[in-house]
1. Inspect all residues belonging to region 257-275 and state whether any of them is at pLDDT 95 or above, within 22 Å of the chain's Cα centre (by Cα) and in a helix (DSSP H, G or I).
2. Considering only region 264-276, how many residues are out of contact with any helix residue (DSSP H, G or I) (no Cβ under 7 Å at 6 or more places or on another chain) and buried (at least 24 other Cβ atoms within 10 Å of the Cβ)?
3. Kindly establish whether T78 is at pLDDT 95 or above and assigned by TED's automatic domain parsing to the domain that holds E313.
4. Could you list, in sequence order, the residues of region 116-145 that are in the same structural domain as D260 (by TED's automatic domain parsing) and either surrounded by fewer than 18 Cβ atoms within 10 Å (Cβ to Cβ) or under 15 Å from L85 (Cα atoms) (or both)?
5. Checking the conditions here, which among T276, T269 is polar (S, T, N, Q) and under 30 Å from V137 (Cβ atoms)?
6. Tally time: how many residues in region 229-254 are buried (at least 17 other Cβ atoms within 10 Å of the Cβ), among the aliphatic types (A, V, I, L, M) and out of contact with any strand residue (DSSP E or B) (no Cβ under 7 Å at 6 or more places or on another chain)?
7. With the checklist (1) part of a loop (DSSP other than H, G, I, E, B); (2) in contact with a strand residue (DSSP E or B) (Cβ under 8 Å, 6 or more places away or on another chain); (3) not assigned by TED's automatic domain parsing to the domain that holds D120 in hand, flag the one item G314 doesn't pass.
Amino acid sequence: MRGRPDHRTARRRTRHLTVGLLALGLLLLAPLAQAEQRFINIGTGGVTGVYYPAGQHLCRLFNTRRDSHGMRCTAESTGGSVFNLNMVRSGDMDFGVAQSDLQYHAYHGSGRFEAFGPADHLRAMFSLHPEPLTLVVRPDADIAGLDDLPGKRVNIGNPGSGQRTLMEQLMDTLGWDHNTFRRVSELPSREQAQALCDNRIDAFVFSVGHPSAAIQEPIATCDARLISLEGPAIDALIRSTPYYLTAVIPADTYPGQDQDIHTYGVGATLVTSNRTSNNAAYELTRAVFENFETFRGLHPAFSGLEREGMVDEGLSAPLHPGARRYFREAGLIDD
């Protein structure tokens, strides 16, 4: 008759079983960890805007080094800045393109993000193209400057849109309200050009990277004109607001535009969070800045970009450590 195993044998068997279960657990978890590191995604905007091609080009450059870093990037069409920021906040998206003003409010928990509180885990990567607030008018509307808008039919943008946010802040600065205008429209951007050419509105404002098909359309269809937005009130607004930038739409950007258009606006920025790995942030930054001239040539809105400006302009969240590491190596920042 065989005896019972001694205590030492039992302990060895228990230890072997524990080690085996631990190894099995690690094997089961490994594919999940690898999957998290293997893919990154970027939230963009509508397919007709600049955000979507920006994201596509970022991923294209990133994916050229896939054999080296082992990750793959995809860019998704989304509802734009607010959607992207909410998805990055929640961890459902790695990166998102967002307006500089909305990045500021999401990080600080102000403006339309006040109910959510500060998202101090958001991190900035770099800025992209400027998005000037652009005033487009009918040729017969007798509008030569900002002071001519009162009494006119003006589209201020649909609620929740970036252009609406900028226009409302401008109106507050000038002491205007809806009664300032003969009629206020709240059309989305896709409808405003047609409304202008159909003589249903005299003017619209739009925050967009240039050149833009949305601006080209009313110019080609009904000889619409661009008008500068400038003056002491706007200068004061820019000085008092950390996320606004001065902007110039160069002459000849559009047919018949023989002068520079001076205005202001926000910038498109790439945002992430501290959940994104340092390696992913580093490699995405490296992909853009080591192929900078290629990136600038991928879309007309990128043609005026400068490396130094992309490191800090319009960024109101701390730099992600991965992006900071590349900027240090490239000599773009000192700290």
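1. No; the residues of region 257-275 include none that is at pLDDT 95 or above, within 22 Å of the chain's Cα centre (by Cα) and in a helix (DSSP H, G or I).
2. Start the filter on region 264-276 by keeping residues that are out of contact with any helix residue (DSSP H, G or I) (no Cβ under 7 Å at 6 or more places or on another chain), which leaves 270, 274-276.
Now drop any that are not buried (at least 24 other Cβ atoms within 10 Å of the Cβ), which leaves 270.
Total satisfying the criteria: 1.
3. Details: at pLDDT 95 or above: no; assigned by TED's automatic domain parsing to the domain that holds E313: yes.
So T78 fails the test.
4. If the condition is that a residue be in the same structural domain as D260 (by TED's automatic domain parsing) and either surrounded by fewer than 18 Cβ atoms within 10 Å (Cβ to Cβ) or under 15 Å from L85 (Cα atoms) (or both), then P139, D140, D142, A144, G145 are the ones that fit.
5. When all the criteria are applied, what remains is T269.
6. 1
7. (3)
For (1) in contact (Cβ under 8 Å) with a residue 60 or more places away in the chain; (2) part of a helix (DSSP H, G or I), each residue gets a yes or a no:
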residue	(1), (2)
A75	no, no
T78	no, no
F83	no, yes
R89	yes, yes
D92	no, no
A98	yes, no
Q103	yes, yes
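The values are calculated or read from the model by the stated rules, or taken from the named source; none is laboratory data. The structure presented is a predicted model; accordingly, all values stated were derived computationally and were not measured. All Cβ positions, glycine included, derive from the backbone under ideal geometry; neighbour counts span all protein chains shown.
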